[in-house]
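Enquirer: Here it is, the structure, as structure tokens.
The values are calculated or read from the model by the stated rules, or taken from the named source; none is laboratory data. Please read these numbers as outputs of a predicted model, since none were measured by experiment. Every residue, glycine among them, receives a Cβ derived from its backbone with ideal geometry; neighbour counts consider all protein chains shown.
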Amino acid sequence: MSRGHAVGDPRSLPARARPQPSSDGIALAVLGTGYLGATHAICMASLGHRVVGVDSDAIKVEALIAGRVPFYEPDLAPMLGSWRDAGSLTFTTDPTSVEADIYFLCVPTPQEANGKRCDLGPVHSALRALAPQLRAGDVVVGKSTVPVGTAASLLALLRRLRPDIEVSLCWNPEFLREGHAVEDTLRPSRLVLGIADGDKRSEVLLRRVYAPLIQAGCPVIVTDLATAELMKVAANAFLATKISFINAMAQVCDAADADVVTLAEGLGLDPRIGAGSLAPGLGFGGGCLPKDLHALQARAEELGVGDAVAFLEDVDAVNEQVRTGVVSAARDAVGGDLAGVRIAALGAAFKAGSDDVRESPALAVIARLAAEGARVRVYDPEAMARAAIDVPAAEYVASAQAAMLGAELTMVLTEWPEFARIDPTQAAGWVRLPVMIDARHIVDRGAWQSAGWTVRAPGRRPYEPTAAPSEPYARGAVSG
């Protein structure tokens, strides 16, 4: 694939918002080449900048040098090869060999093992490693998701480490959705620039970095450091609230003999609410929403305003109840006892378009089914290897058909489009019992029930063949 026509290249995007590579390229360094860092480095190279990605993980760096993205993200691998071959994108494990005008901190900030707080150790380590090589006028830009107040403390640390020079620290949060990271980087909904008081030079430099996006019409919000930090965690907490709200309504629909998908469709058409993240299902997961929700709660407690976000405990509780409810539904569907029941689990990733199984609702359900003695066969288009490490008690197979062979219960746990395309008549010949729980609301219940299947879906009324089917609900994307 040629450099100019790589999938995901900004020049392949629709003309209405096509960012043109800058003719004023800047030397950028990206510290951390995980999901955020690798995506940012590759996309910044596509905008015309000279980029070097830095990571202490030699295996990860070797993979990127060889043109392999060490995680699944659509469109990213062709872009990596294109800009690496063009010479504008390199990777190294040696931070002392890097000279740049701007250093982006893209290191992970995981949840602490024994609590809700965010582990800032990787951020502090990266900053300490970077400090000795900084020059006067350099700009450090944080993109990692951190608790409010972190940037101010890091700026103070940076000034203690390098009192001899004037350096700047800004905060530029990311808003990537897994499965849509290239689009969200090259055509973002907004750019947030957190700038310390009086630091006009950094704002000018960041506007140069993102000039192609700004020229394409991307809104820019320039604010203080604290507000920029809060922008990401507040967005994720709000998205988590919407997801738990619609899943709470699914429980009400079950009790009231109502239909949650139709309810969500109607709510989503209200411009004050919107359809995004209002799709009922298994709840939220992944590496962002759960962690950020907990970190916001922990930080609010530290600031003495824990009561103000106490409702987030309920948001989290609903998310847990959804998983418990789906396992209960599985138990009910097979007569009350899961021991020895052969179950086909379609999906293990926390969402379609990703191989991420961190806090995956699908994988949590699989683990619970296996713990109750079910014989679970799992198929996921991308997340098999990661899922097998986390839940080795299940069996992992190479196709949906292999998962469903001889199954007494089929469960759709991740909303991969290929599961919605399975032929129900053909699938009825694979299974022992044609019973399905569609926990993601993606299959055509009429077609499946016409093929002899019993289909249950949380929050949905039993399918009535005489009723005119409504258009499928447009699922809203989930951040993180």
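Enquirer: Scan 198, 179 and give me the residue that is at positive phi and in contact (Cβ under 8 Å) with a residue 60 or more places away in the chain. Give the steps one after another, and end with the answer.
Expert: Values: 198 fails: in contact (Cβ under 8 Å) with a residue 60 or more places away in the chain.
On inspection, the qualifying residue turns out to be 179.
Residues are listed down the side, and each one gets a yes or a no for (1) in contact (Cβ under 8 Å) with a residue 60 or more places away in the chain; (2) in contact with a strand residue (DSSP E or B) (Cβ under 7 Å, 6 or more places away or on another chain):
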residue	(1), (2)
79	yes, no
83	yes, yes
94	no, no
105	yes, yes
113	no, no
128	no, no
150	yes, no
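Enquirer: Could you tell me which of the residues 237, 211 is farther than 15 Å from residue 142 by Cβ and either among the polar types (S, T, N, Q) or not assigned by TED's automatic domain parsing to the domain that holds residue 76 (or both)? Quick ask: steps written out before the conclusion?
Expert: Working: 211 fails: either among the polar types (S, T, N, Q) or not assigned by TED's automatic domain parsing to the domain that holds residue 76 (or both).
Every option except 237 fails the conditions.
Enquirer: May I pose another question? Considering only residues that are charged (D, E, K, R) and under 19 Å from residue 134 (Cα atoms), which ones fall in segment 162-199?
Expert: 162, 164, 166, 199
Enquirer: Could I ask something else about it? Please work out which residue is farthest from residue 179 (Cα to Cα), limiting yourself to segment 53-90 and to residues that are of a type in the set (A, V, I, L, M) and in a loop (DSSP other than H, G, I, E, B).
Expert: Restricting attention to segment 53-90, the residues satisfying the condition of being of a type in the set (A, V, I, L, M) are 54, 58-59, 61, 63-66, 69, 76-77, 79-80, 86, 89.
Restricting the remaining residues to those that are in a loop (DSSP other than H, G, I, E, B) gives 66, 69, 86.
Working: 66: 22, 69: 14, 86: 25 Å.
Going through the qualifying residues, I end up with 86.
Enquirer: Mind counting the residues in segment 146-170 that are crowded, with 21+ Cβ neighbours inside 10 Å and among the charged types (D, E, K, R)?
Expert: 0
Enquirer: Which members of segment 256-273 meet the condition of being within 18 Å of residue 462 (Cβ to Cβ) and acidic (Asp, Glu)?
Expert: Result: 257, 259.
Rundown of residues vs (1) assigned to a loop (DSSP other than H, G, I, E, B); (2) surrounded by fewer than 17 Cβ atoms within 10 Å (Cβ to Cβ); (3) of a type in the set (A, V, I, L, M, F, W, C), yes/no style:
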site: 246; (1), (2), (3): no, no, yes
site: 265; (1), (2), (3): no, no, no
site: 287; (1), (2), (3): yes, no, no
site: 292; (1), (2), (3): no, no, no
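Enquirer: Could you grab me the full set of residues in segment 252-263 that are surrounded by fewer than 17 Cβ atoms within 10 Å (Cβ to Cβ) and not charged (D, E, K, R)?
Expert: Answer for segment 252-263, where residues must be surrounded by fewer than 17 Cβ atoms within 10 Å (Cβ to Cβ) and not charged (D, E, K, R): 252, 255, 256, 258, 262.
Enquirer: Look through segment 181-206, keep the residues that are hydrophobic (A, V, I, L, M, F, W, C) and part of a loop (DSSP other than H, G, I, E, B), and return whichever of them is nearest to residue 218 (Cα to Cα).
Expert: Taking segment 181-206 as the starting set, the residues that turn out to be hydrophobic (A, V, I, L, M, F, W, C) are 181-182, 186, 191-193, 195-196, 204-206.
Applying the additional criterion that residues be part of a loop (DSSP other than H, G, I, E, B) yields 195-196.
Numbers: 195: 18, 196: 22 Å.
Going through the qualifying residues, I end up with 195.
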